[in-house]
Amino acid sequence: MSVEASTPVLSEVAERVGVTLEVAQGVLGDIPAAELEGKSLDHLAWIVRGQWRAAAERRQGEPVVVVEEELPRSLVADAVEHAGVSSLTSGVVVRVVTDDTAFVVDSLVAAFTARGAGIGDLVHPQMRVVRDDAGRLITATRNRKRQGAVRLPGHSEELPAGAHEVAESWVYLHLSPEGEFDGSQDMVETVHKVLRDVRLASEDWQSMRDMALQTADDLENDPPVSVPEFATADVRRFLHWLADDNFTFLGYREYELATMDEEDVLRPVEGTALGILRSASGSATGFERMTRESRAMARSPQLLMLTKANSRSRVHRDAYLDYVGVKTFDAEGNVTGERRFLGLHTARTYAAPTSTVPVVAERVAKVVRRAGHSPDSHSGRDLLNVLENYPRDELFQTSSARLYDIATEVVRLQERRHVGVFTRNDDYGRFVAVMVYLPRDRYNTRVREAIAEFLRETYGAQNVDYTARVSSEALARIFYTVRMPRGAAIPDVTPEQIRAHVLETTRTWTERVTHAAQTEGELDGSTARALVTQYGTGFSTAYSEAFSPRQAVADMQRLERLGDDDSALTLYGTKNLDTRERRLKIFRNEPLMLTEVFPIFTHLGVQVSDERPYTVRRSDGRTSYVYDFGLIADRTAMWGNTPQESSRRRTNVQDTVLAAWRGQAENDALNQLVLAAGLTWLQISHLRALARYMRQIGFSLSYEYVVAALLANTDLTSLLVRLFEARFDPTLDDAEREAQTKAVRQRFSDGLADVASLDHDRILRTLEGVIMAIVRTNAYTPRVLSGEVAELVFKIRCADVPGIPAPVPMFELWVYGPKVEGVHLRFGQVRAAACGGATGSRTSEPRCSASSRRRWSRTPSSCRPDRRAVSSRSSSRTRATAKRGSPRASRRTRPSSAACCRLPTTVTVTRSSPRRTWCVTTATTPTSSSRPTRAPRPSPTRPTPWLVAQASGWTTRSRPEARTGTTTRPWASPPAVRGSRSSVTSASSGTTPRARTSRWSASAT
């Protein structure tokens, strides 16, 4: 849409604002037709009205800057309704009215873009305006035409005396809100700095250009005697070339070389500053101190110095200023000072052939002559192509000898498609130029950013700039400029170090994993190749971005060892994690339900911050799964204060999670002791069994309260564990056992004085008493220690248990496991004659079941033995039970241990829970005089094999007629309800027919 075609729209806009059509055309005439059609009339009128108000008054030479942070809501709603998507829904509007000079618009855009602000709308008309002495706007026309001038109210037709006409630029910018600005005042100050530099550079541009030509003439009329004539001629041609619109002059100043405190300094010559250096600090009494590298260069006879300045340009484009220095000499050829030009090379400089650029042409010619290749040969053309495409700034600053080494090596790299790295330190120690060549198919954004980050960390750089070149050639090129902090020395970094990192970065994931498997692990070659073949290409992109190849090799080995229904896990930390956080990876061949594993983490006392699932596709078509959880503890110390302690707790956490997942341990709050006290899951199982036993004997406080007491007194809890180990660890001899038991009990007694809660004191003392009352246990048998058997059995001398209700048996066998709890009561010694079995005794063999009462524990009434039943019922056999089925069978494929037992005694269900709970009473009078078959009683620390057997699913064998008993309620237990889980089948002396008890029938003693 042309301006003429859009006249009706602009006429409506002018009418709404109250200006003429020419003003509306002047403000909006440069907007593309498509954008103009996408804006509502209110939107266009708002732009024109704001620009008109901003330009209403402006003093000569002073810019007007207006920043609007809040946009009218009605305008936003109207724009959304008109165009569907509005560019005015957020952001900041900046309006600028200033003198029409070169580089105004692109300098403003560069300034805002450098601070991270995106450009939405941009309108920048050039207006011819007339203002009075006070700067008030009188008339405004478009494109320097007086036709259609706008006359403001209150002014006559004739221009008032003293009025002046000036060309102005009215700039309207709509910026995105992402810019790094500290409020509107920061934006206003930024705009003023940019416009000041633009004005200074524009005013002095011709003077700076003249100084370049004058410097060339001075070198011709009075050449320095210490500089070769050909070098002087090259510099003269270069200065003339710069003045021929190949260099944007922005600043100029002369300096004198002086000595201050026995140190060379540069003193600015007063009255010589031009352009942007007019606003910089420096006078006839000021000095510019030089770095060590600058002092070394100051008195060298090198006539021309080409490099990059430390500061960035605010004019034209956001880039580091180009520095052109021409030294001055006295009659003897000694350096006396410097004429310094600052600016930017124009686009013509970078696009022109090297043969047309002075200084560069001579260096390229030297390289070609030294190589000895004909320009028409294949090698000669390749060499010239490398030099033509070499960064032009580096051609200005690199010596011909160094350029020859780089160019010839790049030609060889292209033939072999290898990685190459070349570095050059700035002569003044301000930056390092790093050139990276790599195969084109290995270049991507990730590689470029990874190399930049490596350079930033290795050099300690302030910032790293880059330019990349990717063409049809075999190699891509990345040119990095590593800027050092002011005053910092450049560290000694070799190209080989950078190249090694580039090689590692550009390797594909499979190559890196293969290399790690063959070099960093303990795998032989064939095993490493098999692992990589099976898993190497199956990791997801998300996994390869999150973990290193070395971690992938370790994970592949864990996956390879997994069974079909097994799990493996590893707890680890990384440098970028909070000190309270760790990550846990779970490996499975089947998907994992998060609802199954989250409670385990909760009972460990940690919070789950996030979960990252990864899939691994095997070469055989199967899929494995890796789940990565973030775990946060309350305190850093919970993960361990020393490397050794951290390693132990890491192992404990892994073992506890697996034990809870496999059903080897209960998943409850007591597992918090893993991190709170550094206990293992087996040690916690010992405490859990004792805490459950306290409920069995009628302890008044709940199990949950016992757990809370143990968690609140972790030091004393650890002493209880040590007391248990001192009493039953089979590796201790009797003297060590007695000494350690005494020492631990003394420390425990002293620690009780600091317990504030009486209930906690009572709980801890009771647990200590129960431990001291235990005669022996299976806790240290190999199958229990390995986790193959989860049930724990304790033989307890009841008279030593504090608070046990009467009547008190002589011994109890307490059996505890994640799925079973039971107790066997004995009220007297079992005679040897009873060990072989009773012939013709009256007995029954009921199947155990669970009670429906969750909190039912034994009471004095339920523990009162029936004398009549006891006197006529045979005692339990003390021989090991016979096996029915393999005890190694999976718990998931057979009933619980208690359900697999047939006991030749009275059974009472004592507790209801998901596990089965049973109680066995044994008569005191044996009825058989058979030969004893039980093995000698083991020591308190030796394993009790029959206890393990019975708790692991072993059963008693008896004749069928022995199972014809009737249902009774033994020990005053609650009445049985037909069909309920609490129904218990047992025998009484009056109703059970006499049956011979099998010699294989027995219970653990």
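Take the alpha carbon gyration tensor of the range 411-462, find the square roots of its eigenvalues, order them as a ≥ b ≥ c, and report rounded if a/c is under 1.5; if not, report prolate when a/b exceeds b/c, else oblate. The shape class here is oblate. Assuming charge only on the beta carbon of Lys and Arg (+1) and of Asp and Glu (-1), the dipole of the range 443-511 about its Cα centre is about 220 debye to the nearest 20. Each of the peptides 260-266, 295-301, 52-58 was scored by the mean count of other Cβ atoms within 10 Å over its residues; in descending order, highest first, they stand as 52-58, 295-301, 260-266. Under a model in which nothing but the beta-carbon of Lys, Arg (+1) and Asp, Glu (-1) is charged, the range 509-642 shows a dipole of about 240 debye around its Cα centre. Take the alpha carbon gyration tensor of the range 200-351, find the square roots of its eigenvalues, order them as a ≥ b ≥ c, and report rounded if a/c is under 1.5; if not, report prolate when a/b exceeds b/c, else oblate. Note, shape of the range 200-351 comes out oblate.
Using the count of nearby Cβ atoms within 10 Å as a rough guide to exposure, how do 749, 685 rank from fewest to most?
Details: 749 12, 685 26.
Lowest to highest Cβ neighbour count: 749, 685.
Put in line by how crowded their Cβ is, counting other Cβ atoms within 10 Å and starting with the fewest, 428, 816 read 428, 816. The Cα center of the range 758-830 and the Cα center of the range 169-210 differ in position by 85 Å.
Of the residues 386, 23, the one with the fewest other Cβ atoms within 10 Å heads the list, and the complete ranking is 386, 23.
Think of each Lys and Arg Cβ as +1 and each Asp and Glu Cβ as -1; about the Cα centre, that makes the dipole of the range 352-416 roughly 160 debye. The Cα atoms of the range 660-758 give a gyration tensor whose axes a ≥ b ≥ c have a/c of 1.5 or more with a/b no greater than b/c, which makes the shape oblate.
Where a number appears in this text, it was derived from the coordinates with a stated rule and is not lab data. Keep in mind it's a predicted model, so treat the numbers as computed, not measured. Don't worry about glycine lacking a Cβ; one is built from the backbone with ideal geometry, like all the others, and counts go over all protein chains shown.
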